[in-house]
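Notes for the one structure printed next.
The values are calculated or read from the model by the stated rules, or taken from the named source; none is laboratory data. No experiment lies behind these values; they were computed from the predicted model shown. FYI the Cβ positions are ideal-geometry reconstructions off the backbone, even for glycines, and counts take in every protein chain you see.
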Amino acid sequence: MKIRVAISQIDSYVGNYAINLQKIKGYITEAASNNADIVVFPELALNGYPPEDLILKTQFLRDSLNCIEKIRDFSRSKDIIIILGGIDWDVESYNTAFIIYKGKMYGNYKKMFLPNYSVFDEKRYFSAGRSPYIMEIDKVKVGITICEDLWVPNGPAISLAQNGASIIINLSASPFYKERNKTRFEMLKTRASELSSWIIYCNLVGGQDEIVFDGGSVVVNPYGEIEFNAPYFEEGLYFVDIDPLEATRANLREGKRKHYNESVYFEKVNVINIEKRIQDKLPLNKNNFYNPDVYEQLYLAIKIGIKDYLSKNGFEKVVLGLSGGIDSSLVAAIASDSIGPKNVLGLIMPSKFSSKSSVDDAVELAKNLDIDYKIIPITDIYESYISELSESFQEKDEDKTEENIQARIRGNIVMAFSNKFNYLALACGNKSEAATGYATLYGDMAGGFSPIKDLYKTDLYKVANKFNEIHNKKIITKSILEKAPSAELRPNQKDEDTLPPYSLLDQILFKYIDREMSYDELLQEGYDEEILKYVINLVNKNEYKRRQSAPGIKLTERSLGKDRRMPITNGYVPW
């Protein structure tokens, strides 16, 4: 006897119940028509994740419960068990998995472990459940968990296994960041092996503000081996046939069910019985999906992040400044892939300090991508600014003020096109620049969305090379990839005039920001004292700029958005 499970890797739209409900019903219908016994949806699939302060609105919660009732009514004609992530609410709100079958609500499982770190604020919104949950189908026990419940080493999954669950389903909304899938795989393989149970991990997919969910839903057998891995960054319905007796065989192979710490055993385990017969079915074809490498995953994350931010916020086209540098080139290239080249406009805005090669590179890139572009020189506008300010500035030498005026003129022009044509303006700054404040407020930082905001400069080049490899063509040209980074706001300017080489800078930034290493720890690793103090000072004093920047896609473990909440007014000196 095999149980067929349909994994609904859904791209939910926060707060849009009409769209989410339509998708959910469609997947239920498709799953039932393919003889699935169970269809499972991700965490809060009905509401979208994270709903944030929408959860504080009682009408939002009432609407959620009304949609659950609509799904219950819809299920009357479907011979399939539905496990749906949504919000349960009476006096308190709960992150919940609803179990529905043939018009009946059999019960619900309330998430027990609420994450409150990184991008998660679940303790602000939800109360924790108290009891693990098992449903029994034709003598097969299936345990249900939600996201963090499975990550906790001594969590409810132990009680599920001890109470005979041969299959443990996990509804998840696990955000993407670089190499996240490796950590996830190791956790899932460990849990399956130590519990001698099947693990079905159903993950959300799609972009939501600064977060991207990568899908990649996984089925792991009781020996800790991956049996199925759904595509990354793709919405879809995927089927797996599971032999629950394999869990018994795994236990026998190990000699006995593994011993656990008795202190984590949950005395109360809710067990519900669903009267459904598991029918024999024709075997499924084996599905082997390609697992992209780390830089292709970063490319795909940016691609879906742009697409979903536009579609879910009512935009169709984007505009950006195209400088001929690597940052804007990569943003334009991925935007072109994401929403189509005819929906991307590049503005080439040379000043008297712009090199001819940079303008040529920008034009060649636009042609390679087949995107529209306009050349709008800013020299006359800049000279007009300088002329108007000359009297006020007559006793001052030229400095970064004049440089920033150029960046702000360009930002003004980009925003003018955004306003006039309802284009979303894309900012093109990277994480190295955001961390050190090497960017101009209301200039190159201007925009409604910042796709590579969380991508270090050194990784940016690797993603650009991966883009060319994927397309089997040097779309981002050799001259763009090899030129020394420069803002071109003064003669012969190079980024390294102000910053350490990016190969060194990004090492320090990664360890200081992502790994939270202290100044003393970094000093012990052999970094130069003067460079360390310089970089750390840049990071600490530019929080006010980051607080005013456009939202951007989380691509690293500790992004400079919700992940890292530092006070702007801050007198702490770390040495």
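Of the residues LYS342, LYS307, LYS352, LYS303, the single one that is outside any helix (DSSP H, G or I) and either among the basic types (Lys, Arg) or within 24 Å of TYR461 (Cβ to Cβ) (or both) is LYS352. Pairs are defined by a Cβ separation below 7 Å, a sequence spacing of at least 6 or placement on different chains, a first member in region 486-513 that is within 28 Å of ARG408 (Cα to Cα) and touching a residue at least 24 places away in the same chain (Cβ under 8 Å), and a second member that is assigned to a loop (DSSP other than H, G, I, E, B) and basic (Lys, Arg); the pairs so defined are SER486/LYS494. Taking the numbered list (1) farther than 22 Å from TYR49 by Cα; (2) under 25 Å from the mean Cα position of the chain (by Cα) in turn, TYR106 passes all entries but (2).
Has region 472-481 got at least one residue that is hydroxyl-bearing (Ser, Thr, Tyr), over 29 Å from the mean Cα position of the chain (by Cα), closer than 28 Å to ASN368 by Cα and surrounded by fewer than 16 Cβ atoms within 10 Å (Cβ to Cβ)? Checked region 472-481: at least one residue is hydroxyl-bearing (Ser, Thr, Tyr), over 29 Å from the mean Cα position of the chain (by Cα), closer than 28 Å to ASN368 by Cα and surrounded by fewer than 16 Cβ atoms within 10 Å (Cβ to Cβ). Can you find even one residue in region 263-279 that is in a helix (DSSP H, G or I) and either crowded, with 18+ Cβ neighbours inside 10 Å or at pLDDT below 95 (or both)? Yes, some residue in region 263-279 is in a helix (DSSP H, G or I) and either crowded, with 18+ Cβ neighbours inside 10 Å or at pLDDT below 95 (or both).
For beta carbons closer than 7 Å, sequence separation of 6+ or different chains, a first residue in region 142-171 that is at positive phi and a second that is assigned to a loop (DSSP other than H, G, I, E, B), the qualifying pairs are CYS147/GLU43; CYS147/ALA173; CYS147/SER174. Could we say that LYS396 is of a type outside the set (A, V, I, L, M) and at pLDDT below 95 here? It is true that LYS396 is of a type outside the set (A, V, I, L, M) and at pLDDT below 95. If the condition is being touching a helix residue (DSSP H, G or I) at 6+ places or on another chain (Cβ under 6 Å) and within 25 Å of ASN270 (Cα to Cα), then region 159-186 contributes ALA161, SER166, ILE168, ASN170. ALA435: part of a helix (DSSP H, G or I), within 20 Å of the chain's Cα centre (by Cα) and buried (at least 23 other Cβ atoms within 10 Å of the Cβ), yes or no? Spelling it out, ALA435 is indeed part of a helix (DSSP H, G or I), within 20 Å of the chain's Cα centre (by Cα) and buried (at least 23 other Cβ atoms within 10 Å of the Cβ). Of all the residues in region 514-542, those that are of a type in the set (S, T, N, Q) and either touching a helix residue (DSSP H, G or I) at 6+ places or on another chain (Cβ under 7 Å) or in contact (Cβ under 8 Å) with a residue 12 or more places away in the chain (or both) number 3.
One residue stands out in region 385-404 among those that are among the polar types (S, T, N, Q) and under 18 Å from GLU488 (Cβ atoms): the one that is surrounded by the fewest Cβ atoms within 10 Å (Cβ to Cβ), namely THR401.
Among the conditions (1) in contact (Cβ under 8 Å) with a residue 12 or more places away in the chain; (2) in contact with a strand residue (DSSP E or B) (Cβ under 9 Å, 6 or more places away or on another chain), LYS367 misses just one, which is (1).
Counting only residues that are part of a loop (DSSP other than H, G, I, E, B), without any contact (Cβ under 8 Å) to a residue 12 or more places away in the chain and within 26 Å of GLU136 (Cβ to Cβ), region 29-88 holds 0 of them. Tell me, please, whether a residue that is part of a helix (DSSP H, G or I) and within 30 Å of SER217 (Cα to Cα) can be found in region 312-325. Checked region 312-325: at least one residue is part of a helix (DSSP H, G or I) and within 30 Å of SER217 (Cα to Cα).
From the residues in region 210-249 that are acidic (Asp, Glu) and out of contact with any Lys or Arg (no Cβ under 9 Å at 6 or more places or on another chain), which one is nearest to GLY305 (Cα to Cα)?
The residue in question is GLU234.
All told, LYS317 meets the bar of being within 30 Å of ASN20 (Cα to Cα) and in contact (Cβ under 8 Å) with a residue 24 or more places away in the chain. The residues on offer are LYS554, LYS511, and the sole one that is modelled with pLDDT of 95 or more and outside the structural domain of ALA425 (by TED's automatic domain parsing) is LYS554. The set of residues from region 151-172 being hydrophobic (A, V, I, L, M, F, W, C) and surrounded by 24 or more Cβ atoms within 10 Å (Cβ to Cβ) comprises ALA157, LEU160, ALA161, ALA165, ILE167, ILE168, ILE169, LEU171. A count restricted to region 440-466 and to residues that are surrounded by fewer than 22 Cβ atoms within 10 Å (Cβ to Cβ) and farther than 14 Å from ASP506 by Cβ stands at 5.
Out of TYR544, TYR527, one residue alone is aromatic (Phe, Trp, Tyr), surrounded by 15 or more Cβ atoms within 10 Å (Cβ to Cβ) and modelled with pLDDT of 90 or more. It is TYR527. Residues satisfying the criterion are present in region 372-384 (criterion: surrounded by fewer than 18 Cβ atoms within 10 Å (Cβ to Cβ), modelled with pLDDT of 95 or more, part of a loop (DSSP other than H, G, I, E, B) and touching a helix residue (DSSP H, G or I) at 6+ places or on another chain (Cβ under 9 Å)).
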